[in-house]
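> Once you've had a glance at the structure underneath, I'll fire off some questions.
Every read-out reported here was derived from the displayed coordinates using simple, explicitly stated rules and does not represent laboratory data. Nothing here was measured: the structure is a model prediction, and the numbers come from that model. A quick note on method: Cβ atoms are made from the backbone with ideal geometry, for glycine too, and the neighbour counts reach across all protein chains shown.
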Ligand code: GDP
């Protein structure tokens, strides 16, 4: 999402860095450009003004300008102020006695139903026993959608059709949770196209009978500043404990995510980063600030790796690498693990310095190559994968035909694989315990 903003800010800082010593007017010019970039990203103008004023107060001083690395000092200040703007991370509060009720509210189409399932999946993975509740009684399709999603992630869904008031359904669900020892109750409430009185009354009733631990507003990041108004509107009637921004994978300019906390005082708790149920990230201001400033996001990358690669897998792979026993099966396994971590462009973007480089590469082409490689290895027999030296010309022809590629493609892959093997043998024992741990989630 923040690509365009990120590009512009990096250009500003590159220009600063090329100057060496900075004058007050250099800093002022840079700040004007930062201001423009933020406004273009649709950040609330009041927020921009205060943000820039704070940076100016810190940056235009002898301490920064006479330092050895003034440009870096300015970037550091912007980074810190961005984090400040985004607010402290506030995790879900599930500290009271179970069942904890999480009430999701929001306008229709914001991604509420999808988010209910995403949260359920996340909570289940962390050892909770979630119950999903279809409390949107106006759209039979929403109830059905939740039931389908619930099945996908193996989380039960409580629904009572469209004739029972939402508050009654919610109350029954909490009772059911007590009886059956579900630890969290996730309420998918009705959304409208815009905020209306009837909707608000219904939410107030649901809140009264369920006393939620969390009332989370799901907002669509693509709606820009409108998201901020929606948040204010809801917050006046049902006191929100958090916000969830969805569709941040889209091409929204990102301003809403940057201003909503500051304007409403309600913390962002999660980001929805795609249509798949695993596409959910806890909101972490420092990481987001680093990503926006092109400083990479190694921590998120490591977490993704930890979620997808178990400690045993990593250890086994390391052993094979050291012993030079790495075969095509292992190669395929590695490819699949990388693929599980997300689109290549995303992964590269999280590595400091590589984000910008990744933009110059054709990611579609790279993804296609990965698929091709996978297809070629999949067309090999078990024997061939374990003992690549038996891959003679006729076997290569068969593999090319089977995988819908050419013999050249197959040859190239085998050559790359041999080079890699050689390199690994040369590196020998580089085992320094890159101890990857299995994610706790
Ligand atoms: P609701 O009306 O608020 O319950 O919204 P839905 O959960 O039905 O979502 C509306 C549409 O947005 C669906 O097509 C979802 O697949 C899509 N969607 C939800 N969250 C995300 C997200 O984080 N990224 C993207 N790209 N699409 C999303």
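> When 159, 259 are ordered from fewest to most other Cβ atoms inside 10 Å of their Cβ, what list results?
159, 259
> I need the semi-axes of the equivalent ellipsoid of the range 64-197: take the C-alpha gyration tensor, multiply each eigenvalue by 5, square-root it, list largest first in whole angstrom.
Working through the eigenvalues yields semi-axes of 40, 19, 13 Å.
> Normalised by the number of residues in the range 100-292, what is the relative contact order in percent for Cα pairs under 8 Å and 6+ residues apart?
25
> Using a Debye calculation, one point per C-alpha and no hydration shell, please list log10 I(q)/I(0) for the range 59-125 at q = 0.13, 0.15, 0.22, 0.29 Å⁻¹ in order.
The calculated log intensity ratios at q = 0.13, 0.15, 0.22, 0.29 Å⁻¹ are -0.64, -0.70, -1.03, -1.16.
> Roughly how far apart, in whole Å, are the Cα centres of the range 366-395 and the range 1-80?
Here the answer is 51 Å between Cα centres.
> Taking only DSSP H segments of four or more residues, each worth -39500 (n - 2.57), what value at 222 nm results for the chain once the sum is divided by all its residues, to the nearest 500 deg cm²/dmol?
For the chain, the value works out to -18500 deg cm²/dmol.
> For the range 74-212, what is the relative contact order in percent, using Cα pairs closer than 8 Å and at least 6 residues apart in sequence?
Values: 210 pairs, mean separation 47.8, N = 139.
RCO, the range 74-212: 34 percent.
> Scale the Cα Rg of the range 3-86 by the rule-of-thumb value 2.2 N^0.38 Å and send over the ratio, two decimals.
Ratio of Rg to 2.2 N^0.38 Å for the range 3-86: 1.01.
> So the label point goes 7 Å from the Cα of residue 72 along Cα→C-beta, right? Which residues of the range 8-51 then have their backbone N under 17 Å from it?
Under cut-off, by backbone N: 13-22.
> Then there is this: So the label point goes 7 Å from the Cα of residue 181 along Cα→C-beta, right? Which residues of the range 141-171 then have their backbone N under 17 Å from it?
Flagged as within label range: 156.
> Now a separate question. Can you put 394, 67 in order, fewest other beta carbons within 10 Å first?
394, 67
> Calculate the FRET efficiency for residue 56 and residue 194 from the Cβ-Cβ distance with a Förster distance of 25 Å, rounded to the nearest 0.05. Spell out each step's value before the answer.
Values: r = 39 Å, r/R0 = 1.55.
E(calc), rounded to 0.05, equals 0.05.
> Also, quick follow-up: What ranking, highest mean first, results for peptides 385-391, 1-7 when packing means the other Cβ atoms within 10 Å averaged over each residue?
Working: 385-391: 14.1, 1-7: 18.7.
In descending order of packing, they fall as 1-7, 385-391.
> Relative contact order for the chain: what percent, with Cα pairs under 8 Å and sequence separation of 6 or more?
The value is 16 percent.
> To check my understanding: the extent here is largest minus smallest coordinate of the Cα atoms along each principal axis. What are those three numbers for the range 100-292, in Å, largest first?
For the range 100-292, the Cα spread along each principal axis is 46, 37, 27 Å.
> Next question, about the same structure. Specify whether the C-alpha gyration tensor of the chain places it in the rounded, prolate or oblate class, a ≥ b ≥ c being the square roots of the eigenvalues: rounded for a/c under 1.5, otherwise prolate if a/b is larger than b/c and oblate if not.
oblate
> Once the cut-off is 22 Å, how many percent of the Cα-Cα pairs in the range 179-323 end up in the long-distance tail?
Value for the range 179-323: 52 percent of Cα pairs lie more than 22 Å apart.
> Taking every DSSP beta bridge that has both residues in the chain, what percent is antiparallel when rounded to the nearest 5?
Percent antiparallel among DSSP bridges in the chain is about 10.
> How many nm separate the modelled label positions at residue 338 and residue 419, each set 7 Å beyond the Cα in the direction of the Cβ?
Label at residue 338, label at residue 419, 1.4 nm between them.
> Here's something else I'd like to know. Given C-alpha coordinates of the range 302-427, what is the ratio Rg to Rh with the Kirkwood estimate of Rh?
Ratio of gyration radius to Kirkwood radius for the range 302-427: 0.99.
> Right, next: Would you mind classifying the range 191-244 by shape? Square roots of the alpha carbon gyration tensor eigenvalues, ordered a ≥ b ≥ c; an a/c under 1.5 is rounded, otherwise it is prolate if a/b is larger than b/c and oblate if not.
oblate
> With both partners inside the range 100-292, how many of the DSSP beta bridges are antiparallel, as a percent to the nearest 5?
Values: 3 of 29 bridges.
For the range 100-292, the DSSP antiparallel bridge percentage is about 10.
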